[in-house]
1. State to the nearest 20 debye the size of the charge dipole of the chain about its Cα centre, where the only charges are +1 on K and R beta carbons and -1 on D and E beta carbons.
2. Given only helices, namely DSSP H runs of n ≥ 4 each adding -39500 (n - 2.57), what is the per-residue ellipticity at 222 nm of the chain, to the nearest 500 deg cm²/dmol?
3. Percent relative contact order of the chain, based on C-alpha pairs within less than 8 angstrom and at least six residues apart?
4. For a distance above 22 Å, tell me the whole-number percent of Cα pairs in the chain that qualify.
5. For the chain, the longest stretch holding no trypsin sites (Lys or Arg not before Pro) located in a DSSP loop with at most 15 other Cβ atoms within 10 Å is which?
Amino acid sequence: MKVEASLAAPVQTMKKTKWAWIVATFFGAGFGRPGPGTWGSVAAVMLWGAAAWGLHLSSAGLLLTLAIAIAVSLIFGVPAATLVERESGHTDPGFVVVDEVAGQWVALIASPADWRHGLIALVLFRLFDITKPFPVRRFERLPGGWGIVFDDVAAGLYALCVASLLRLWI
């Protein structure tokens, strides 16, 4: 018995732009539970540590590596977050964590390469990312991926400033 195409049940498929989903979820870290944003931040700190200790980079080398990583995460992260937001049908979906990665790397850019400073940057970044002090929350109003990513970059700048002040006493 042949079923007419018009009578067949519609197949629901969600189009996924593969590269965008890989970048936006930071290679799947955004699917971690609970707290996908924290998983994204932890992944960023782990990569920072791997670069610092595994590659034996100097302070200048680590600074340059992080600056490049931040630029790459922004260049690819903004369009990836825009596409994934559109394709998922959710505004600022929680599984998009490339924003946390970029913000965390901003928070780490001036940190000495040791676990204590990495932990301080992680805690401060998560604090500012969650609480979104003025004017961080205003960046969420930017369209698409710009709003998704740049509120976290702003939270990273807050964390960077506070961590830098704390280093005066630590």
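Rule-based calculations on the coordinates, nothing more; no lab input. Quick caveat, the model's predicted, so the values are computed rather than measured. Cβ coordinates were reconstructed from backbone atoms using ideal geometry, including for glycine residues, and neighbour counts include every protein chain displayed.
1. Here the size comes out at about 100 debye.
2. -20500 deg cm²/dmol
3. Relative contact order for the chain comes out at 26 percent.
4. Every Cα pair in the chain considered, those over 22 Å come to 44 percent.
5. Result, exposed sites excluded: 17-170.
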